[in-house]
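Reviewing the structure listed below.
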Amino acid sequence: MSAPLYGLLLAGGRSTRMGRDKAALRVAGRSQLEHVMALLAPRVERAFVSVRAEQRADPLRAAFEQIEDTRDNLGPIAGIIAAQERFPQSAWLVLACDLPLLDEATLEFLLRARAPERLATAFRSSHDALPEPLCAVYEPRSRAALAAYVAGGRNCPRKFLLQADVHLIDEPNPRALDNANTPEEYAAAMSTMGAAPAAETRRVTVQYFALLREQAGRSAESVVTAARTPRELYAELGGRYPFTLDPTVLRVAINSEFGDWLAPLKEGDAVVFIPPVAGG
């Protein structure tokens, strides 16, 4: 049985690169903190804002339940540790407050893919393929490992996930986890939100073999998708079916020819995902 899921919105940073409080920046007519909390709260049993001691009385943060950092100068990992110390039996959906492009579909995709038997479930960055530690689910079992990691003088949550037993999944929306750490990044995000066109869709046929056929419960189907590449398509389908194979162990064919995972998909393409022989 999965542990109860609580939510933690990390808003204890000093915003030195932004030059002003990132949590208070406006996104879709409200503060960035309120924007992300509105996505987080409906998906967890209880939602908290992570704060430093001097931030407790800030009106923006005081509107929500808070968990105060218990350690100084550790960055975001301090908030995760404080939350685990306060509620050690809970799993935590951890989100950074500087994710203006985060959407409901991305969070739902993460929660459907949650692997409670692992230490954490996290996205593989669409930019560098490294784990995304600040939009992830940390299971109760990760508490001891995180504490030992920090006790060893380390504080980078991404490097923790790189060496931990983590279930990594691909992002269904490659822009959803783009941070806004600087004025330039914030302006770019606002431009994207204001000018984003409706997602272009295309109909493709998909064939499944071996283990994938068993997990999808079908050998083929026609799909209308906004996925731009086979990699995005596989990630999208992974939110619908309980796929267990990482794309790195698969081959992909497009229109009867082996292709590249990042090749652009076109209307009418026939896509085949091919597991290794041992996979089925």
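The values are calculated or read from the model by the stated rules, or taken from the named source; none is laboratory data. Being a predicted model, the structure only gives us computed values, none of them experimental. A quick note on method: Cβ atoms are made from the backbone with ideal geometry, for glycine too, and the neighbour counts reach across all protein chains shown.
A few remarks follow.
- Matching residues, region 45-59, being touching a helix residue (DSSP H, G or I) at 6+ places or on another chain (Cβ under 6 Å) and either modelled with pLDDT under 95 or closer than 22 Å to residue 181 by Cβ (or both): 49, 50, 51, 55
- Entirely in region 60-175, the strands (runs of 3 or more DSSP E) that have 1 or more residues that are crowded, with 21+ Cβ neighbours inside 10 Å and modelled with pLDDT under 95: 166-170
- In region 223-234, the residues that are in a loop (DSSP other than H, G, I, E, B) form Cβ pairs under 6 Å with partners that are surrounded by 18 or more Cβ atoms within 10 Å (Cβ to Cβ) and at pLDDT 85 or above, at six or more places apart or across chains, as follows: 227/233.
- Qualifying residue in region 199-219 (condition: within 25 Å of residue 99 (Cβ to Cβ), surrounded by 13 or more Cβ atoms within 10 Å (Cβ to Cβ) and not assigned by TED's automatic domain parsing to the domain that holds residue 99): no
- Checking region 53-71 against the condition returns no match, with no residue being assigned by TED's automatic domain parsing to the domain that holds residue 161, under 30 Å from residue 237 (Cα atoms) and in contact (Cβ under 8 Å) with a residue 40 or more places away in the chain.
- So residue 24, is it small (Gly, Ala, Ser), farther than 20 Å from residue 116 by Cα, in contact (Cβ under 8 Å) with a residue 24 or more places away in the chain and surrounded by 20 or more Cβ atoms within 10 Å (Cβ to Cβ): no
- Any hit, region 238-253, residues being part of a strand (DSSP E or B) and either within 20 Å of the chain's Cα centre (by Cα) or aromatic (Phe, Trp, Tyr) (or both): no
- Subset of region 254-270 that is assigned to a strand (DSSP E or B) and either in contact with a Ser or Thr (Cβ under 7 Å, 6 or more places away or on another chain) or of a type outside the set (A, V, I, L, M, F, W, C) (or both) - its residue that is nearest to residue 176 (Cα to Cα): 270
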